[in-house]
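Here the structure is laid out as structure tokens; the discussion comes afterwards.
The values are calculated or read from the model by the stated rules, or taken from the named source; none is laboratory data. Small disclaimer: the values here were computed from a predicted structure and weren't measured. Note that each Cβ is placed from the backbone with ideal geometry, even for glycine, and that neighbours are counted across all protein chains shown. Ligands, DNA and RNA are excluded from the accessible area calculation, which covers all protein heavy atoms including side chains. Shrake-Rupley method; radii C 1.70, N 1.55, O 1.52, S 1.80 Å.
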Amino acid sequence: MHAGSKELAEATRYLKAMRIQPQVGVVLGTGLGEEFVSRITDPVFVPYNSIPFFPVSTVSGHKGQFVFGEVAKKKVLVMQGRIHYYEGYDMQKVTFPIRVMNALGAKSLLVSNAAGNLNPSWKQGELMLIEDHIHAMPDGPLRGVGQLEKGIFFLDQSEPYSAAMNKVIKAVARAKKIRLREGVYVSNMGPALETKAEYRYLRMIGGDAVGMSTVPEVLMANYLGMKCAAISVLTNDASEEGNKPVSLNDVIDVASKSAKKLTELFIGLIKEL
Ligand code: HPA
């Protein structure tokens, strides 16, 4: 069952009582939690486990708290650590934080993640702006939800990532001389990484990067009418030539080294929102 309106109302009421009223929601992925948060003015930290009905992140590289404050004169609510499907949560729990951010007032959502690189011309440590995605997980957050709230309908997915926001991000990257690739993100269930054959297959179907998150959050945000932008940090080379063993620690290590560039891009975009 999807977390109903009672759970959403209670979590939202708890955060509203702390005067948390964001304009923008931000999700920080594996190894990406520290740098952006260090740039928030007057941060207020709210651990997920203090919020009614909120899921808790259980993976290392994810702190498990909301950070609320100001960036570029905008009120932002940041997930320092996300909730993944592979942790065992259902899709309603995975996307519950997005519904909470939206209920608190956030109209835009910026998402980041660590991902495997499938494009043989690109390198580990580079950033990729997600232009489009292929949802390859076995479940999604909207199953049954539309029926409860808006009646069944087919969610349009012709522009899951805002072209206007992407234009700004690309301009910021040019101005700051940050190399930014653009491509297609494939969301896999995890927590197993891919075999060599799976990486080859994902490249063949049109993927440039593969990860275990982001698409459920973007689907929910799209459903709620939020504008989305998302960036992957390519933490390991999964293209045919470069395919080597990968560990979570390697992913965290490479992601944290690229976190500064990601933060510049997000802050540059937030300024223009
Ligand atoms: N596959 C899936 N998810 C990932 C990877 C990968 O190679 N790297 C970081 N997250």
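Extension gain for A72-K123 works out to 15.3 nm (0.36 nm per residue, less the C-alpha to C-alpha distance). Across all directions, the average flat footprint of the convex hull enclosing the Cα atoms of region 136-273 is 9.7 nm². Fully extending the segment from E272 to D132, taken as 0.36 nm per residue of separation minus the present Cα-Cα distance, adds 48.2 nm. Each peptide in 45-51, 114-120 gets a packing score, the mean of other Cβ atoms within 10 Å over its residues, and the list from highest to lowest is 114-120, 45-51. Computed from Cα atoms, the angle from the helix 163-175 axis to the main principal axis of the chain rounds to 60 degrees. Please say if region 1-93 is rounded, prolate or oblate, where rounded means a/c under 1.5 for a ≥ b ≥ c the square roots of the C-alpha gyration tensor eigenvalues, and otherwise the choice is prolate for a/b larger than b/c and oblate otherwise? Cα axes put region 1-93 in the oblate bin.
Under the rule a/c < 1.5 gives rounded, and otherwise a/b versus b/c splits prolate from oblate, where does region 75-176 land using the Cα gyration tensor? Cα axes put region 75-176 in the prolate bin. In the chain, the portion of solvent-accessible area held by carbon and sulfur atoms comes to 52 percent [1.4 Å probe, whole percent, DNA, RNA and ligands not counted]. Distance between the modelled labels on Y86 and E198, one decimal in nanometres: 0.8 nm (7 Å Cα→Cβ projection). Averaging Cα coordinates gives a centre for region 60-137 and one for region 220-241; these two points are 8 Å apart.
In percent, how large is the relative contact order of the chain, given Cα pairs closer than 8 Å and 6 or more residues apart?
Once divided by the residue count of the chain, the mean separation gives 27 percent.
Is there a pair in K107/K261; K73/K167; K123/K170; K75/K123 whose C-alpha atoms are over 29 Å apart, and which pairs would that be? Those over the limit are K75/K123. For the Cα atoms of the chain, what angle does the longest principal axis make with the long axis of helix 248-272, in degrees from 0 to 90, nearest 10? For helix 248-272, the angle is close to 60 degrees.
Using a probe of 1.4 angstrom and keeping all protein chains present, the accessible surface of region 5-272 works out to 44 square angstrom per residue. Short to long, the 10 Å bins of the Cα pair-distance histogram for the chain hold 7, 32, 38, 19, 3, 0 percent of all pairs.
Say R0 is 22 Å: what FRET efficiency, to the nearest 0.05, do L155 and M189 get from their beta-carbon distance?
With a Förster radius of 22 Å, E is 0.60.
What FRET efficiency comes out for E10 versus R143 if R0 is 22 angstrom and r is the Cβ-Cβ distance? Round to the nearest 0.05. That pair, E10 with R143, gives E of 0.40. Would you mind pulling out the separation of the Cα centroids of region 7-45 and region 173-192, in Å? Distance between centres, Cα-based: 23 Å.
Provide the gained length on full extension for the span Q21 to S247, in nm with one decimal, where the gain is 0.36 nm per separating residue minus the Cα-Cα distance.
Roughly 77.6 nm would be gained on extension.
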